[in-house]
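Everything on this sheet refers to the single structure shown next.
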Amino acid sequence: AEADTQRELTDGFHLVIDALKLNDINTIYGVPGIPITDLGRLAQAEGMRVISFRHEQHAGNAAAIAGFLTKKPGICLTVSAPGFLNGLTALANATTNCFPMILISGSSEREIVDLQQGDYEEMDQLAIAKPLCKAAFRVLHAADIGIAVARAIRAAVSGRPGGVYLDLPAKLFSQVMDAQAGANSLVKVIDPAPAQIPAPAAVKRALEVLKSAKRPLIILGKGAAYAQADDAVRALVEQSGIPYVPMSMAKGLLPDTHPQSAGAARSLVLKDADVVLLVGARLNWLLSHGKGKTWGAPGSKKFIQIDIEPKEMDSNVEIVAPLVGDIGSCITALLDGMDGKWPTPPAEWTDTIKARKEANLAKMAPKLMSNASPMNFHGALGALRTVIKERPDAILVNEGANTLDLARGIIDMYQPRKRLDVGTWGIMGIGMGFAVAAAVETGKPVLAVEGDSAFGFSGMEVETICRYNLPVCIVVFNNNGIYRGTDVNSSGGADVAPTVFVKDSRYDKMMEAFGGVGVHVTTPDELSRAVNEAMDSGRPTLINAVIDPEAGSESGNIGSLNPQSSIRKK
Ligand code: ADP
Ligand code: MG
C-alpha cells in the first residue's frame, strides 16, 4: 500500500537512456567524466553496451562508422568543452562523409555560460557545433528529452545522413519527474529515414540518356554502400551490362573480381566514357570535380546522378539527368523502366576496357609477389590481399598515405561495407575508432592496415581494443616516418626532419603492454603467417611490419595537392 501511494520517479539520466533504447540504440561510444560519468554507468546497468575510449575523437569516429554500418545513428558521449571539441572533429567528419551519428555532450550551466562568468569548462557548445553538423539541439527540461532524442535521430538518418549535436547541461541529468509522465514523454521514431521515390519523369530522362550511350560507365560511391540496396545495385550493373568503378568505400558492393569491374582501368574509363551514372558518389576532389584532364575532352561527358540530396546536383558540372531519391527506390525505378530488355553496351567499349584491365593487372602481379626484406609496399600488400581473399567477411580498415593509396588498389574486396577508410576528407586518425566499432557492431574480424604515421593519431586506443578483447589485428606499415623515413634536416641542425620518427620503432611492444599479442615481421611470409594467426585466434594483435624507409612517395597519390617551394634557399 505504501508503494502504491509513493510516486515512482525518473530523472534526466534515465530518460536519455530510455529514449535511446526505445529507438533500438543499444551502444554508446564515449569517454567518461563530468557531467556524464553516471550516464555511462547507468546505461551499462540498463543493458546498453558502453565502450569507453581514451580520447573522444576516436569514440566519435567509432560512432560515425557504426552509423555507416548500421544505418542507425552511432552515439558518441563526451564531457564538456575540451571533450566536446575532441568529439566535434569526428562529428564534422561524419557530416562530411554522410554518416549518421549523434554527439551527446554534457555542458556547463546555461546561466553562467551565457553571462560568461567563468564556469568549470565553460563553453557555448551549441553555437560552436551548429555550423559543423546537420542539426544541433539543447535540452533544458527532462520532459523534453524524448522529443530531443527523436529529433536528433530523425535529423541524423533522414535525407542525406549526417551528424547531429545534442547539448545536455549538467543540471538536466538529475532533474526528477514522475516516472509515468516521463515514459509518456518518450517518442519512438516512426520511419526515421522514409523512402524518397524519384519522379517518374526524372527516371524516364535518366533511362533515355543512359540508352543513348556508346561508352557508358557506372560509378558506385559510399552512398550506395550505405543504402544497403545491395541486390538492386547488383541487378542494375548486371542487367545493364555497364562497366562500373567503385569508389573506395563502395569496393565489395560487387566483388572487385567481377567481370564488369573497371577498377583496374579507372583512368581509361573516366577519360573515355560518354555517359556516366553516379550512384551515391559526389563529383568532389576524389573524382577531380568531374572535369579536367582526368575526364577527357571538355564537353565529352553526360552525367546522370542518383542522390538523395537535391542540392548535390550540378555541384561541379552540369547533371543532365538528376535522379533525386534514395538509392534503393531510384535503382528499382530504373530497373522497372529497363524492363529486362536492355541493349548490351558496344563490345568495342567493353573489349577496350577488358584489355586495359588485363594489362594493368598483369603489370601489377609480379610486384605483389616480391619477397624483398625489408618489405616494399607491394610485397606486404600482396600478402594482405591473399588474407582478405581467403577471409572475405573480415573488415578492412585502412589509413595512411602510400599505405592507403596502394592498399585501395591492391586489396580486392568481396562483400559490401567491408572497407572502411579515410573517406571524403582523406584524413588520418580514423583507424582505431573505426576498428573498434567495426568489431563491436559486426562481430567480424577486423584487419586495420595502418601507415606508421596514421596509426600514431589513434594508437593509444590499442588499450581499448585489448580491454574489450576485440578481434582486431592491426598491421603498422613501419617505414620510420611520414611518406618515407629518409628525410634529413637540411640545416644540418641536431633535430631530425619534421617528417621522420624514431628509427626502427617497435609498435608491437605497445600491444604487449596491454596484454595483446605483438609481432615483429620483416618479410611478406612472416606477415601473412602473423595475420592469419591473429585472425584465427581473434586475439587483439599488433604486427609491426618493417617497410623499406626508401619505399613510398611524398603524399602518396595526391602529391599534386601538397605545394612545394620552388625557391628553396641553398
Ligand atoms: P564517395 O566518396 O564514395 O564517392 P560520397 O560520400 O562522395 O561517396 O557520396 C555519397 C553520396 O551518397 C552523398 O552525396 C549522399 O547524399 C548520397 N547518399 C547517401 N545515402 C544515400 C541514400 N540512401 N540514397 C541516395 N543517396 C544517398
Ligand atoms: Mg610511414
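A compact table of results
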| quantity | calculated |
| --- | --- |
| Any hit, the stretch 378-388, residues being modelled with pLDDT of 95 or more, surrounded by 24 or more Cβ atoms within 10 Å (Cβ to Cβ), touching a Gly at 6+ places or on another chain (Cβ under 6 Å) and assigned to a helix (DSSP H, G or I) | no |
| Meets criteria (under 22 Å from Thr386 (Cβ atoms), in contact (Cβ under 8 Å) with a residue 60 or more places away in the chain and either buried (at least 20 other Cβ atoms within 10 Å of the Cβ) or away from ligand 2 (no atom under 16 Å from the Cβ) (or both)) for Asn480 | no |
| Flag if Val472 is within 11 Å of ligand 2 (Cβ to nearest atom) and of a type in the set (A, V, I, L, M, F, W, C) | no |
| Index of the failed condition, Asn371 passing every other in (1) under 30 Å from Ala227 (Cβ atoms); (2) modelled with pLDDT under 95; (3) of a type in the set (S, T, N, Q) | (1) |
| Any chance Lys222 is surrounded by fewer than 20 Cβ atoms within 10 Å (Cβ to Cβ) and either within 16 Å of ligand 1 (Cβ to nearest atom) or touching a residue at least 40 places away in the same chain (Cβ under 8 Å) (or both) | no |
| The stretch 154-195, subset among the β-branched types (Val, Ile, Thr) and more than 16 Å from ligand 1 (Cβ to nearest atom), residue nearest to Gly33 (Cα to Cα) | Val176 |
| Total residues in the stretch 106-120, condition free of Cβ contacts under 8 Å to residues at least 60 places away in the same chain and loosely packed, with under 13 Cβ neighbours inside 10 Å | 6 |
| Per-region count, the stretch 126-147, residues touching a helix residue (DSSP H, G or I) at 6+ places or on another chain (Cβ under 8 Å) and part of a helix (DSSP H, G or I) | 9 |
| Failed criterion for Thr442 (all others in (1) touching a Phe, Trp or Tyr at 6+ places or on another chain (Cβ under 9 Å); (2) more than 16 Å from Ala383 (Cα to Cα); (3) among the hydroxyl-bearing types (Ser, Thr, Tyr); (4) away from ligand 1 (no atom under 16 Å from the Cβ) hold) | (1) |
| Residue match in the stretch 363-374 (condition: buried (at least 20 other Cβ atoms within 10 Å of the Cβ), in contact with a strand residue (DSSP E or B) (Cβ under 7 Å, 6 or more places away or on another chain) and either in a loop (DSSP other than H, G, I, E, B) or touching a residue at least 40 places away in the same chain (Cβ under 8 Å) (or both)) | no |
| Flag if Gly492 is away from ligand 1 (no atom under 16 Å from the Cβ) and modelled with pLDDT under 95 | yes |
| Test result for Ser80, under 23 Å from Gly429 (Cβ atoms) and either among the aromatic types (Phe, Trp, Tyr) or touching a residue at least 40 places away in the same chain (Cβ under 8 Å) (or both) | yes |
| Selection count, the stretch 441-463, where residues are farther than 20 Å from Val531 by Cα and more than 16 Å from ligand 2 (Cβ to nearest atom) | 2 |
| For Phe514: the one exception among (1) within 16 Å of ligand 2 (Cβ to nearest atom); (2) in contact (Cβ under 8 Å) with a residue 12 or more places away in the chain; (3) over 18 Å from His378 (Cβ atoms) | (1) |
| The stretch 227-260 - residue that is of a type in the set (Ser, Thr, Tyr) and more than 15 Å from ligand 1 (Cβ to nearest atom) and, of those, nearest to Asn360 (Cα to Cα) | Thr257 |
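Listed here are the residues, each with its yes/no results for (1) of a type in the set (Ser, Thr, Tyr); (2) in a helix (DSSP H, G or I); (3) modelled with pLDDT of 95 or more.
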| site | (1), (2), (3) |
| --- | --- |
| Gly485 | no, no, no |
| Val488 | no, no, no |
| Gly515 | no, no, yes |
| Gly518 | no, no, yes |
| Glu526 | no, yes, yes |
| Met535 | no, yes, yes |
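The values are calculated or read from the model by the stated rules, or taken from the named source; none is laboratory data. Please read these numbers as outputs of a predicted model, since none were measured by experiment. Methodologically, a virtual Cβ is constructed for each residue, glycine included, from the backbone with ideal geometry; neighbour enumeration extends over all protein chains shown.
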